[in-house]
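I have placed the structure first, in the form of structure tokens, so that the comments after it can refer back to it.
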Amino acid sequence: MQRVALAALLLALGLGTALMAQPQVSPYTAPVTVYASVTDKAGAFVRDLSAADFTLKEDGQTRIIHEAVVDTLQATVVLLIDTSGSMREQGERMNALLTLFLNRLQPADRLRVGRADGRGVFSPASFSTNRREAAATISAWGPGLGASPLWDSLRSSVDALAAEPGYRAVVVLSDGEDTASKIKNSDVTRAAHTLRVAVHAIETPITAFIVNGKPTNYRKGDLEKVARDTGGLHRRVPTVEDRQAIDDISRAVRERYRITFSTGAPSGKLHEMELRARSKDLTVRIASRHGTQ
């Protein structure tokens, strides 16, 4: 009788339906936004998908996708350029690639440029839409010199995007050679996962390069792995034509799906994430892990 009376009282106060029907909810239900690119078998970007066309798992648990829309809003980009000694022979090609990329950016996209020299110095002081300023900065750098702390420079580039809103990406032009970093390529990937930053890469061919009288320890595929594991795109030239490589990378920056779901996982950790298209003919690129704040 006491339970019946309590239920009647709650209903009379207008509280019964809400209290009795409310399911037990995990305290961790914060919305998470991640970005992904989707291409067909020909490599063309697919634009007409919705939330129903994807499946998403977080730490092995299926999550409900609330929204999946093509996002063409402002992107914030660090353009990282390898200026090490091993790139001296690539000067003409690099200049052409950089010009093409700057011309492909949308007017609202914000940019900073940096050298892969480990100093963590970027220009201008804050992100800007001024393409001429970026081009002038690059032109003033001169030929490549010195060692190549590629992973240190990539980590600094990822960190430089930490406080920026919306879609954030590092676009790196490099031969993929690292000769002086204090960290590993896996450390770059972990930082990019935590901050949800994509790393896109155009990798140029490398010839034998000697440091202190010894061949460098060039591990082909490391830069490609960083790009793949952060949801970015990787193109190696001249395996892919220069212009096509820029077109592909620019498209990945310009058009991507914005995926929103509610996480059931605790904050402050990295969580495994698996996003797939229901169609087996489509390829989805997204970071395999994400950090919750």
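Ranked by how many other Cβ atoms sit within 10 Å of their own Cβ, fewest first, the residues 35, 257 fall in the order 35, 257. Computed from label points 7 Å out along Cα-Cβ, the spacing between residue 44 and residue 242 is 2.8 nm. Percent relative contact order of region 75-253, based on C-alpha pairs within less than 8 angstrom and at least six residues apart? The value is 24 percent.
The residues 48, 187, 40, when put in order of fewest to most other Cβ atoms within 10 Å, stand as 48, 40, 187. P(r) tail, region 75-253: Cα-Cα pairs separated by more than 30 Å, 8% of all pairs.
Extension gain for the segment residue 69 to residue 121, taken as residue separation times 0.36 nm less the Cα-Cα distance, is 15.2 nm to one decimal. Along each principal axis, taking the top coordinate minus the bottom one, the Cα set of region 49-157 gives 50, 32, 26 Å in descending order.
Any chance you could check the Cα centroid distance between region 252-281 and region 63-103 for me, in angstrom? Going from one Cα centre to the other spans 21 Å. When each of the peptides 77-89, 264-276 is scored by the mean number of other C-beta atoms lying within 10 Å of its residues, the order from highest to lowest reads 77-89, 264-276. Between residue 183 and residue 129, residue separation times 0.36 nm minus the direct Cα-Cα distance comes to 16.3 nm.
What is the list of residues in region 218-253 whose amide nitrogen lies under 20 Å from a point 7 angstrom out from the Cα of residue 106, following Cα to Cβ? Under cut-off, by backbone N: 231-233, 246-253. Of 189, 76, the sequence from fewest to most neighbouring Cβ atoms within 10 angstrom is 76, 189.
FYI, it's all coordinate maths here, none of it is from the lab. Because the structure is a prediction, the values reported are computed rather than measured. Here Cβ is always computed from backbone atoms with ideal geometry, including for glycine, and neighbour counts include all displayed protein chains.
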